[in-house]
Amino acid sequence: MKIEKVKEIWREHFSSAPEQLKKMSEVNGLISAFNANIDAVIKISGSRIEKIISDFKLDTELLLQEGEQSINTVEDSIRGLIKCFKGGIAEEWLIADKEVFDWLNENIGYDKLQMGGQGGIVANVMATCGVNDVYVHTASSPVEQSKLFQNLPNLKNVNPVGELQKAFDIDRSDDVPLIHWIIEFDINDTLVIGGKTITCPKSNRFIGTYDPLNFRLAIDEAFSKKMSEPSTKFEYIILSGYQMLKEKLNDGITGAERVEVSIEAVNQWRKNNPESILHFEIASTRDKVIRKYLVDNLAPKSDSIGFNERELIDILEVIGEQELAGRCDKETSSSNLFEGMLKVFKYTGCERMQLHMFGLYVTLQKKGYRITPMQNRKGMQLAANIAATKAGTGAIDSHGILLWSMDKDVSDKGIRELEDLSNKLSNLFGENELVLSGIFENEEIEIIAVPTILIDKPITLVGMGDTISSISLVGAR
Ligand code: GLC
């Protein structure tokens, strides 16, 4: 079938978006925890990177070396940036040393401050979509942080006396601002270094993070207490913020202990809301011990997990699937990644998982899961629309703008990935209609795949995964 015809069919599928969006305002309560922070965002050009290197006489050899994915020196921060620029990839490295953070602040600066952290981003998106009520956890809520929340009455946090209040209005003035550096770069931009020209193959970002509270998954007691009260009702919990943990933390405790503390808190919250759906967004967890711990201990307790292509490959690496991880890394196609999803599905026993890759979203779930394949597809379509709006307009800060991308078609790239996945399913399970319907099911599993709308020159990409995962889930009704 011609690609134009396939697009037409998907245009018809996508027409359900307004109705799905309306359904989101029927949701009774959602908790988004744990990490919110301030993102200092800057768009950087190849020539600016060249200038930084020459102005500060940075050692080019060090900058081009492979090394640890963490920032201990100024060179490390630029090394990470170059690596991402060169590969067109997204990575987040932790900044160990406050001095390096101060150097970045002084010498690179930022264009704007915006809501950061999966927890904060998800809370804003959910509140804008109309979810009633959204409870957002913050490790720190100085005014600078609170003002990055949407100014909406349905978005709440706890105030200094432990009462629920509009998140935008909260002033826990003794708290410290937690700032992450988001350095974005553009496709086709070039950078000359060590006599070689590097061309950036895909617009993306590098994140340098200095965040002493979220580094140890600090949990606000007052918030936790409020969530455990019988009067707090919710249908979903979206968990994130574990990716900054390390095997050993400064104060002698381990990252694993912090994970356990959080699981206990979540169990308390759920006591009065046992039917709630628990989703865990895995994010880019650099520390392999923690990554494995999360896959072994948190993913199996979750009703749903979400990851992008890189994060999936990272999971494969720690569950004894190095060969497949290598193959996915070399050829990051939907068919290879789907094989990876099957492995993670089996390994964790988690009943629903979603991959958001470039061009395609894929959900794999147990047959008969409480969200039907069609509900999933509609949620994923809505997510594709809103993600495209975010990329195309730069911000999704009013309800009215959410469906800005409604007149756009799904991408060629997305359809190619969908075809690739459909072929894979033919090999594994036999004939299927995936390309046209986006749905395949057999006795054991249900697979839902949705090609996405791609925006040529995205204004922003940060927070895309969080937006996609949460809308795909909560918009699936
Ligand atoms: C990570 C970053 C945060 C960013 C978020 C987007 O949590 O630390 O700064 O906002 O990813 O997904």
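The values are calculated or read from the model by the stated rules, or taken from the named source; none is laboratory data. Note that this is a predicted model, so its numbers are computed, not measured. Positions of Cβ are generated from backbone atoms using ideal geometry, with glycine treated the same way; all protein chains shown enter the neighbour counts.
Given the condition within 16 Å of the ligand (Cβ to nearest atom) and among the aliphatic types (A, V, I, L, M), answer yes or no: does some residue in segment 185-204 qualify? Scanning segment 185-204, I find no residue that is within 16 Å of the ligand (Cβ to nearest atom) and among the aliphatic types (A, V, I, L, M), so the answer is no.
Taking segment 79-94 only, how many residues are among the aliphatic types (A, V, I, L, M) and over 20 Å from the mean Cα position of the chain (by Cα)? Working first, answer last.
At the first step, the residues of segment 79-94 found to be among the aliphatic types (A, V, I, L, M) are 81-82, 89-90, 94.
Restricting the remaining residues to those that are over 20 Å from the mean Cα position of the chain (by Cα) gives 82.
Total satisfying the criteria: 1.
Of 405, 470, 426, 422, all but one fail to be buried (at least 20 other Cβ atoms within 10 Å of the Cβ) and either more than 23 Å from residue 390 (Cβ to Cβ) or at pLDDT below 95 (or both); the exception is 422. Considering each residue of segment 169-190 in turn, at least one proves to be under 21 Å from the mean Cα position of the chain (by Cα), closer than 18 Å to residue 114 by Cβ and assigned to a loop (DSSP other than H, G, I, E, B). Given the criteria β-branched (Val, Ile, Thr), within 20 Å of the chain's Cα centre (by Cα) and not in a strand (DSSP E or B), does residue 313 qualify? When the stated conditions are applied, residue 313 passes them. Residues in segment 2-36 that are among the aliphatic types (A, V, I, L, M) and at positive phi: there are none. Could you please let me know if residue 130 is modelled with pLDDT under 95 and either in a strand (DSSP E or B) or away from the ligand (no atom under 16 Å from the Cβ) (or both)? The answer is no for residue 130. Those helices (runs of 4 or more DSSP H) of segment 360-477 in which at least 1 residues are within 16 Å of the ligand (Cβ to nearest atom), considering only elements entirely within it, cover 373-393, 464-474. So residue 442 passes all but one of these: (1) more than 20 Å from residue 343 (Cα to Cα); (2) surrounded by fewer than 18 Cβ atoms within 10 Å (Cβ to Cβ). Which condition number does it fail? The failed condition is (1).
Please find, among 256, 218, the residue that is part of a loop (DSSP other than H, G, I, E, B) and more than 14 Å from the ligand (Cβ to nearest atom). Full working, then the answer.
Numbers: 256 fails: part of a loop (DSSP other than H, G, I, E, B).
Going through 256, 218 in turn, the sole match is 218.
For segment 223-243, the candidate set comprises residues that are part of a loop (DSSP other than H, G, I, E, B) and within 13 Å of the ligand (Cβ to nearest atom); within that set, the residue that is farthest from residue 38 (Cα to Cα) is 240.
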